[in-house]
Amino acid sequence: MAQHNELGKKGEQLAVDFLLKNNYDIVERNYRFEKAEVDIIAQKDEILAIVEVKTRSTADFGDPQDFVKPKQIKNLVKAVDEYVTVNDLDVEVRFDIIAIVKEGKGFNIEHLENAFYHF
């Protein structure tokens, strides 16, 4: 597996661990609909958190969250709309980003709640 894929998988697992530690339930991982893939669907109380995980080996080229593009957001919103409809959910939906940057032997994890809005 390519090194960037391994880093991405490691980042997703770190994000899951972080969410679990912060009292979220993991509902789904890598949910796919059409061209979109939702990294993590988590729930805390009545909020369904749609979590995009961005992992980078360095912040030299910008913060990880800066790499979530408008087209990706549009696809995520469409996928989540489908997910909520198919599963007949009555929850508040929030879009989060978990930005992870490798620092030495560890990782810096930043959870950005309401990172973007669907319109």
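The values are calculated or read from the model by the stated rules, or taken from the named source; none is laboratory data. These numbers were taken from a predicted model, which means no experiment stands behind them. For neighbour counting, all protein chains shown are included, and Cβ atoms are generated from backbone atoms with ideal geometry for every residue, glycine included.
Brief remarks on what is shown
- Test: residue in region 103-111 that is touching an Asp or Glu at 6+ places or on another chain (Cβ under 8 Å) and of a type outside the set (Ser, Thr, Tyr): yes
- For region 51-62, a residue qualifies if it is over 15 Å from the mean Cα position of the chain (by Cα) and in contact (Cβ under 8 Å) with a residue 24 or more places away in the chain, and the qualifying residues are Ser57, Thr58, Ala59.
- Within the option set Lys102, Lys44, being buried (at least 16 other Cβ atoms within 10 Å of the Cβ), within 23 Å of Phe18 (Cα to Cα) and of a type in the set (Lys, Arg) holds for one residue only, Lys102.
- Residue selected from region 51-64 under the condition surrounded by fewer than 16 Cβ atoms within 10 Å (Cβ to Cβ) and of a type outside the set (D, E, K, R), by the criterion modelled with the lowest pLDDT: Gly62
- Residues within region 15-50 that are in contact (Cβ under 8 Å) with a residue 60 or more places away in the chain and either under 13 Å from Tyr83 (Cβ atoms) or in contact with a Lys or Arg (Cβ under 7 Å, 6 or more places away or on another chain) (or both), tallied: 1
- Ile47 vs. criteria at pLDDT 90 or above and over 16 Å from Ala15 (Cβ atoms): yes
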